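K.L.:
Quick one: structure below, then a few questions.
The values are calculated or read from the model by the stated rules, or taken from the named source; none is laboratory data. What you see is a predicted model; the values in this text were computed from it and never measured. Note that we place each Cβ from the backbone using ideal geometry, even for glycine, and neighbour counts take in every protein chain shown.
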Amino acid sequence: MYDTAHYGRMIRERREKAHLTVEEAAERYDLSITGLLKIEFGDSDPKLSTILRIAIVLKMDLGDLNYCLN
């Protein structure tokens, strides 16, 4: 299990750095706005496929996700 709050903060920071609104990001991640906010606030334990979609959109290095996969 990984720290969902830490992962959520990282996703939110990366989204903001990419100048994406919650609405824009949710559309690109193929998530509902509510679903994205739950992830960003650490209230959700997303599936690996969701984590990978987010990582691809945000151009995250897989090393950044290493702790999520353990």
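K.L.:
Taking the range 16-70 only, how many residues are at pLDDT below 95, surrounded by 16 or more Cβ atoms within 10 Å (Cβ to Cβ) and assigned to a loop (DSSP other than H, G, I, E, B)?
P.N.:
5
K.L.:
Quick one: in the range 1-15, which of the residues that are in a helix (DSSP H, G or I) and more than 9 Å from the chain's Cα centre (by Cα) is modelled with the highest pLDDT?
P.N.:
GLU13
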